[in-house]
1. Shortest first and in nm with one decimal, please list how far the residue B:96 label point sits from its counterparts in the other copies (point 7 Å along Cα→Cβ).
2. How far apart, in nanometres, would the label points at residue B:41 and residue B:112 be if each is projected 7 angstrom from Cα along the Cα-to-Cβ direction?
3. About its Cα centre, how strong a charge dipole does the protein assembly as shown have in debye, to the nearest 20, once Lys and Arg get +1 and Asp and Glu get -1 at the Cβ?
4. Which one of B:251, B:115, B:185 is farthest out on the positive end of the charge dipole of chain B, using unit charges on Cβ (Lys, Arg +1; Asp, Glu -1) and the Cα centre as origin?
5. Using the alpha-carbon centroid of each, what span in Å lies between region A:242-276 and region A:32-51?
6. Among A:149, A:99, A:128, whose Cα sits farthest toward the positive end of the charge dipole of region A:85-159 (+1 at Cβ of Lys/Arg, -1 at Cβ of Asp/Glu, about the Cα centre)?
7. Restricted to Cα positions, what overall size does the protein assembly as shown have along the principal axes? Three whole-Å values, descending.
8. Most exposed first by the Cβ proxy, i.e. fewest other Cβ within 10 Å, how do B:109, A:135 rank?
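What follows draws every value from the coordinates through simple rules; no lab data is involved. Quantities reported herein were computed from a predicted structural model and do not represent experimental measurements. Cβ coordinates were reconstructed from backbone atoms using ideal geometry, including for glycine residues, and neighbour counts include every protein chain displayed.
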Number of protein chains: 2
Amino acid sequence: MKLAYLGPENSFSYQAANAVQTDEELIAFPSIPLCMDALKRKLVDYAIIPIENSLEGSVHASVDRLYEQNDYQVQAEIILPIHQQLIGYDGKNIQKILSHPQALAQCQKFLETNYPNVQLEAVQSTTAAIEAVVKHPKLKIAAIGSKQAARAYQVPIIAENIQDNAYNQTRFWILGKKDFTPTQLTFLEKRLTLYVTLPSNLPGALHKVLAAFAWRDINLSKIESRPQKTKLGEYFFIIDLEYTQDAKRYQYAIEELQVLGCQVQQIGIYPIYQLD
Amino acid sequence: MKLAYLGPENSFSYQAANAVQTDEELIAFPSIPLCMDALKRKLVDYAIIPIENSLEGSVHASVDRLYEQNDYQVQAEIILPIHQQLIGYDGKNIQKILSHPQALAQCQKFLETNYPNVQLEAVQSTTAAIEAVVKHPKLKIAAIGSKQAARAYQVPIIAENIQDNAYNQTRFWILGKKDFTPTQLTFLEKRLTLYVTLPSNLPGALHKVLAAFAWRDINLSKIESRPQKTKLGEYFFIIDLEYTQDAKRYQYAIEELQVLGCQVQQIGIYPIYQLD
């Protein structure tokens, strides 16, 4: 079985992919859309993509690409704790700090406090940032990335666990056409994710949508609006529901939304696993 | 009166700031947080910051910084149409394209179709990207930015209006302590924005919050969840309401939410203006 992930090796996506199962062949792709394209074109059986970080929120490149496609569904969610390190050869004279935009954002307060005048540069991945440090050991640059990556490239850690909040986690989704059961991970709970587009001519439409779940005792764990990319003010809603009731209740709730005039896209019913 | 904006000159923020009123002194700051800090430290009277783009969604650096502060409120909203251009000296042999991350994201499909193997680099602003092109005319790099900036720097436009959707607009908020009335702009409507944190022990809490508005015939124009940056699954909600009813109705609705156990932060009651 082949599993696409957001490369290069030693990225957080690689850590999540690697932890899931050992007998998968892991294939790196340079962007999230290319991971998803590989799945669509049947080059791989599954793709693992980052969905949400507890500090930065949703990964738009991921959630937006799932809108209006029916090729595959979410088969599992993996929650990975994220610890960011400041990595480089010389901690005293740093002139530029490189990392993935999400990693820079996760360490925003640390950087503002400790390196207010240092130039920040967004690059493709945390690994690409560390590679730049390795390639130019005489330049006064540092990278933000994982402990594993620092170890793999044998570059010293200047400052440990620099993310703004100790409780930093990322949700990853495993996409595919068939069930996916990771081994040796802690099962947390089951979830149903829907993308819902409201009818434009129904006042209080979102309130009515939530009512369809509330009176059935179906709990929302998250709701988020994303632009439909048509014009300002037109959104679709990403709705995460705890999957604890009888399957028919969810089916009836979805049918009720459709009768209201909503477009409902089922993104997946999937188990959630926690990595340590 | 002094107005802070996200510099440098010729940025989209500059365009919006410039269109608002001609007798303001415009002062550039290098980041959104620094614009807001300038306002807090009374270096300026107002700050104009980008809030949401119709393709990319909310600007997290802006909306997250408004959470849990009471120094100032939204005094006006300006809607600016955004047209992105591919700018450079040589359109045939481009090896790298630079721009602000939001601009790169807005042109994602154009870049994937026309420049699938070209390296993309995120820089601080669209203007910084064009400056890099000007500074290194012999390097095979191009920038994404506005027509105005291309004209100001006298760099040719390689491809016009390359944003993925013709209907690309950005909302800007003018923050301050006093009313702000721009001249010569088209008034659209009035809005109230609230940040609401739900009590953790109330099942169907969001449904109850929306009920408080729905039965009062108060229409939502937007709802969005943002992470509280504590742990996964804890959010606050940004709620935009059409401000068409009697002021008391909103006041009673807010009091009802507080009785439910919600924390409610009033971000502003403000007029919305459209730029052509």
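1. Those label-point separations list as 0.7 nm.
2. 4.2 nm
3. In debye, rounded to 20, the protein assembly as shown gives about 740.
4. B:115
5. Here the answer is 23 Å between Cα centres.
6. Checked the options; the winner is A:149.
7. Extents along the principal axes: 67, 63, 42 Å.
8. Values: B:109 13, A:135 9.
Listed from fewest to most nearby Cβ atoms, that is A:135, B:109.
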